[in-house]
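**Q** Let me begin by handing over the structure; questions about it come next.
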Amino acid sequence: MAVPERYDAIVLGAGAAGLMCAATAGQRGRRVLLLDHAEAPGKKILISGGGRCNFTNREAPAERFLSANPHFAKSALSRYRPEDFIALVDSHRIAWHEKTLGQLFCDGSARQIVAMLLAECDRAAGAGGAVTHSLGAAARLVEHADGRFRIAFGSRSAEAPALVIATGGPSIPKMGATGFAYDLARRFGLKVVEPRPALVPLTLGPEEAMFRTLSGVATPVEARCGKARFREAALFTHKGLSGPAILQLSSYWRPGAGIEIDLLPDEAAGWLRACKAEQPRAHLKTVLGHRLPARLAEVLAERLDLAGDLGNLANRKLDAAERRLAGWPFAPTGTEGFAKAEVTAGGIATAGLSSKTMEARHLPGLFCIGEAVDVTGWLGGYNFQWAWASGRAAAAAL
Ligand code: FDA
């Protein structure tokens with residue numbers, strides 16, 4: 001190994017959390033090595049939000065995050081709030097807009113967020129700190145001895161009293177995402193909550209093949225799984241179900257569980273009886289077609305199998321059809337996996353970490369932040385808010 005370069009902290013992973021952590025620590029006067037095996041930093045930021053980066057949400061309460069310990073995220077989230085990140089974005093004169101449900105996007109490009117974070121890293125110099133970037137080389141041989149972490153990367157090596165694991169989760173492996181964080185965490189004695197794909201499309205089996213013929217059809221729904229319910233659009237795909245409502249639900253779905261979809265969440269109870277009274281000669285397919293995309297209305301009417309004029313159908317049959325439309329059961333066979341998952345749920349168990357500093361309880365100097373940790377946000381800017389907040393929390397302790 002070459003003579004080790006000496007730093008105050010080594011941050012592994014120049015993604016959202018790692019960039020924020022390195023910049024903040026640097027501005028606190030720390031000399032930081034920020035290392036990534038990718039050739040460029042912030043790759044997931046660049047593709048996020050359709051290239052415009054949904055960088056936060058107006059509100060990010062801890063209830064919108066999943067974790068084995070639902071209280072864990074509270075401390076970091078309360079100390080670095082969406083308005084703090086918005087103020088940072090404003091200070092860099094990046095124009096942004098609110099889309100729906102509090103989701104904030106750049107008007108221009110996600111590149112602006114990466115450029116902003118890199119500029120924040122550069123500001124370290126003014127505070128007597130420094131962020132040294134090393135891209136294109138994976139960390140090898142991460143060791144801990146005598147209170148110092150040592151790593152080898154490329155032909156170089158480095159050591160520091162603090163190591164921050166910010167290498168994310170394995171979702172979208174073709175972008176260089178790995179399970180490296182888990183291997184490293186386990187090696188240093190931390191537990192890992194079984195990682196699973198989240199914010200991911202669900203697949204349907206042959207019994208529900210009829211719905212797969214609707215590929216491309218979207219409609220506003222309320223999707224439910226256990227206690228979780230999301231009112232947003234659902235999209236039928238050639239493999240099953242997607243769209244924001246389904247992606248949200250997927251984080252709560254477990255193999256074997258069923259889900260229910262209210263296909264007409266805006267209709268009040270008794271709407272079919274009202275249709276019968278107002279248009280007794282209409283067919284079910286027609287009244288559904290007035291409320292839903294035509295192809296979906298057709299498939300549903302066929303499934304409900306209520307032929308003839310509404311006026312000739314018994315109220316109890318209409319009530320049963322209405323109930324079914326308000327809670328159409330689907331039995332997903334699985335998800336489209338890490339290849340299509342926007343995030344990874346599960347990860348480094350929070351039980352071994354301080355919620356205030358993200359530091360390992362049993363190994364001072366070891367920190368875990370961002371998606372690598374068992375904290376997973378809803379769709380809508382929450383995962384970046386967690387990356388910023390956890391990165392800040394660790395940096396304050398470096
Ligand atoms: P992140 O994955 O960003 O960074 C980890 C870094 O570690 C990467 O740069 C990687 O190259 C590096 N790395 C991995 N293994 C390594 C190794 N062995 N050695 C060295 N480096 C290694 N969220 C949101 O809030 N709003 C949004 O709009 C979106 N949109 C979105 C779209 C798509 C397509 C995806 C896949 C994801 C999103 N997300 C999102 C989720 C968001 O991108 C994600 O939660 C954060 O990027 C997580 O930040 P981290 O820094 O923890 O990991």
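**Q** If you scan region 184-232, which residues turn out to be away from the ligand (no atom under 12 Å from the Cβ), of a type in the set (Gly, Ala, Ser) and in a strand (DSSP E or B)? Walk me through it before giving the result.
**A** Within region 184-232, the subset away from the ligand (no atom under 12 Å from the Cβ) is 185-196, 201-232.
From what is left, the residues that are of a type in the set (Gly, Ala, Ser) are 185, 189, 205, 209, 215-216, 218, 223, 226, 228.
Result: Ala218, Ala223, Ala228.
**Q** In addition: Using the structure shown, decide if Leu12 is closer than 18 Å to Val373 by Cα, within 11 Å of the ligand (Cβ to nearest atom), at pLDDT 95 or above and surrounded by 24 or more Cβ atoms within 10 Å (Cβ to Cβ).
**A** Details: closer than 18 Å to Val373 by Cα: yes; within 11 Å of the ligand (Cβ to nearest atom): yes; at pLDDT 95 or above: yes; surrounded by 24 or more Cβ atoms within 10 Å (Cβ to Cβ): yes.
Taking the combined requirement at face value, the residue satisfies it.
**Q** Starting from region 168-183, keep only residues that are part of a loop (DSSP other than H, G, I, E, B), then list their pairs with residues that are acidic (Asp, Glu) and within 7 Å of the ligand (Cβ to nearest atom) whose Cβ atoms are within a distance under 6 Å, requiring at least 6 positions of separation or different chains.
**A** Pairs that qualify, where the first residue is part of a loop (DSSP other than H, G, I, E, B) and the partner is acidic (Asp, Glu) and within 7 Å of the ligand (Cβ to nearest atom), are Gly168/Glu371; Gly169/Glu371.
**Q** Of the residues Glu120, Glu159, only one is within 15 Å of the ligand (Cβ to nearest atom), charged (D, E, K, R) and open to solvent by less than 60 Å² (accessible area, probe 1.4 Å); which?
**A** Glu120
**Q** So which residues in region 349-373 are within 12 Å of the ligand (Cβ to nearest atom) and not in a strand (DSSP E or B)?
**A** Step one: filter region 349-373 for residues within 12 Å of the ligand (Cβ to nearest atom), giving 358, 368-373.
Within region 349-373, Met358, Ile369, Gly370, Glu371, Ala372 meet the criteria.
**Q** Oh, and also: For region 281-310, give me each residue that is in contact with a helix residue (DSSP H, G or I) (Cβ under 6 Å, 6 or more places away or on another chain) and loosely packed, with under 12 Cβ neighbours inside 10 Å.
**A** Once the filter is applied, which keeps residues that are in contact with a helix residue (DSSP H, G or I) (Cβ under 6 Å, 6 or more places away or on another chain) and loosely packed, with under 12 Cβ neighbours inside 10 Å, region 281-310 yields nothing.
**Q** Now for a separate question. Name the residues in region 72-91 that are in contact with a helix residue (DSSP H, G or I) (Cβ under 7 Å, 6 or more places away or on another chain) and open to solvent by 60 Å² or more (accessible area, probe 1.4 Å), would you?
**A** Residues satisfying the conditions are Lys74, Arg79.
**Q** Quick check: anything in region 30-42 open to solvent by 60 Å² or more (accessible area, probe 1.4 Å) and within 13 Å of the ligand (Cβ to nearest atom)?
**A** Initial filter on region 30-42 (open to solvent by 60 Å² or more (accessible area, probe 1.4 Å)): 30-31, 37, 39.
Restricting the remaining residues to those that are within 13 Å of the ligand (Cβ to nearest atom) gives 37, 39.
The answer is yes; a qualifying residue exists.
**Q** For region 297-340, name all the residues that are part of a strand (DSSP E or B) and in contact with a strand residue (DSSP E or B) (Cβ under 6 Å, 6 or more places away or on another chain).
**A** Filtering region 297-340 down to residues part of a strand (DSSP E or B) leaves 309, 328-330, 334-335.
Residues satisfying the conditions are Trp328, Pro329, Phe330, Gly334, Thr335.
**Q** Moving to a separate point now. Just to be sure before I move on: is Ile94 in contact with a Ser or Thr (Cβ under 7 Å, 6 or more places away or on another chain) and either modelled with pLDDT under 95 or over 30 Å from Ser251 (Cα atoms) (or both) in the structure I sent? Working first, answer last.
**A** Working: in contact with a Ser or Thr (Cβ under 7 Å, 6 or more places away or on another chain): no; either modelled with pLDDT under 95 or over 30 Å from Ser251 (Cα atoms) (or both): yes.
Against the criterion (in contact with a Ser or Thr (Cβ under 7 Å, 6 or more places away or on another chain) and either modelled with pLDDT under 95 or over 30 Å from Ser251 (Cα atoms) (or both)), Ile94 does not qualify.
The values are calculated or read from the model by the stated rules, or taken from the named source; none is laboratory data. Keep in mind it's a predicted model, so treat the numbers as computed, not measured. We place every Cβ from the backbone using ideal geometry, glycine too, and count neighbours over all the protein chains shown. For accessibility, only protein heavy atoms count, side chains too; no ligands or nucleic acids. Shrake-Rupley method; radii C 1.70, N 1.55, O 1.52, S 1.80 Å.
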